[in-house]
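What follows is calculated from the coordinates using simple rules that are stated; it is not laboratory data. These figures come from a predicted structure and were not determined experimentally. Here Cβ is always computed from backbone atoms with ideal geometry, including for glycine, and neighbour counts include all displayed protein chains.
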Amino acid sequence: MGEKLKRGAKNLLTCQVIEGSVDKPTTVLVAGREKLAVNSKFYQIFREYQELSVRYDGLHRAVWVYYKPGLRPCFSEVILKEALAIQKSVIAYFQSIEEGDGEPAIRFLVQASQVPGIFNLGGDLDLFVKLIAERDADKLFEYAKNCVDICYLNAVNLNLPITTISLVTGLALGGGFEAALSGSILIAEKNSEMGFPEIRFNLFPGMGAYSLLARIAGGRVAEKLIASGRIYSAWELYEMNIVHEIADTGRGIETVERFMRQMSRVDNGFRALQQVKQRVNPINYEELIDITRMWVEAALRLTTQDLRLMEKLVSAQIAKVAPRDERRKLSLMRTRQDRRFIAYEELTYPFVTWSGEVVTHDRRRPGRDRRSREAGGEKGNADSAA
């Protein structure tokens, strides 16, 4: 048994059962250190999912949930359904533990991504376009409410003695940024970027952004981040106290593990502090739902031009994860709205556009823009006529 426990500790695998059965509270030994109680409800958390993957870190008593989306790295209806199912499974597990069964096997719930360079690009814009065109307010609200339900539960640590953590390794936009903000702790690798581009297609992030940001950094900062449409670096958000800790690129998991070890030493005090935070500055579910209804109303007021802009964003989402040869076929959007949000006189290179494209130099050439060409054409026509 000793050798098995060593292998389990090395690979961070599930606990080694030492007595009991899967259908009843089971005493388990994790890495030779602690006796915990798990049962069938615990194992149900780790069933197969279509667009999420789940692993258990026995050393830190953590459940890791990874996004592994299909074509577009956004919040599909499948991901929303599965994420909510995982949260409910964790709650059901805690409810199944009775006195004398042992310590809960979960202290931390971590959300991360398996898509290189991308945490999550936000809402399912393709679905939004379809539902808005069909004037289907009920379906829009249903989608948004699912997002709110997940963010709310995450923000209140599922109302359990656990801590929710978001690990951002890359780009987090719109709803992806909202999801990251919903964790009690936000750790980001230093190359990560986050922001709310919704204002660019005449909308706003309506599934918790303002409430979560205002709770963390105040209403003025929340309004600035949302209304600017800017993409912020992890360091900028750290300076605003929105990101709790910066990890070196590629070292995000190690940083989260170190954080969990530190908090486990002061587990009682840290969890009590989270309860104090919720008591002093609570996140209100009714407020989130009211704002979601405002979002639906605003979405249904979008114009045809706004929807075309949203459709181009869908192509941009696909381009983020498409093979290199496919990316050449997909042109990322460049519009007057892009230029409206960039102060070129203050621009330094390289910089990252709202859609995540890295621009290494000034691509504007004197005399090569459309207006210059048109002016040149008019002059040439006049000379010919003369």
Measure off 7 Å from each Cα along the Cα-to-Cβ vector at VAL280 and LYS88, then give the distance between these two points in nanometres to one decimal.
3.5 nm
Take the residue pairs LYS41/LYS88; LYS41/LYS139; LYS81/LYS139; LYS81/LYS145; LYS41/LYS81 and return only those whose Cα atoms are more than 20 Å apart.
LYS41/LYS139
Sequence of VAL296, VAL115, VAL168 once ranked by neighbouring C-beta atoms within 10 Å, starting from the fewest
VAL115, VAL296, VAL168
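If R0 is 25 Å, what FRET efficiency do you get for ASP138 and ARG308 from their C-beta distance, rounded to 0.05? Write down the numbers at each step before the final one.
Numbers: r = 24 Å, r/R0 = 0.97.
With a Förster radius of 25 Å, E is 0.55.
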Exactly which GluC sites (Glu not before Pro) in segment 132-226 are in a DSSP loop and have at most 14 other Cβ atoms within 10 Å?
GLU134
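Relative contact order for segment 69-179 using alpha-carbon pairs under 8 Å, separation at least 6, rounded to a whole percent?
Numbers: 120 pairs, mean separation 48.2, N = 111.
Computed value for segment 69-179: 43 percent relative contact order.
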Can you list the HN-Hα couplings for segment 196-203, worked out from phi with the Karplus curve (6.51, -1.76, 1.60; θ = phi - 60°), rounded to whole Hz and with x for Gly and Pro?
10, x, 4, 4, 5, 10, 6, 9
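Treat the count of other C-beta atoms within 10 Å as a stand-in for reagent exposure and order ASP306, ASP290, ASP57 from fewest to most.
On the way: ASP306 17, ASP290 12, ASP57 20.
Fewest to most other Cβ atoms nearby, the residues stand as ASP290, ASP306, ASP57.
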Step through the residues of segment 79-84 one at a time and calculate ³J(HN,Hα) from phi using the Karplus curve (6.51 cos²θ - 1.76 cosθ + 1.60, θ = phi - 60°), rounding each to whole Hz and writing x for Gly and Pro.
4, 4, 4, 6, 5, 5
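For HIS60, HIS244, what's the fewest-to-most ordering of other Cβ within 10 Å of each Cβ?
Details: HIS60 22, HIS244 17.
Sorted ascending by nearby Cβ count, the order is HIS244, HIS60.
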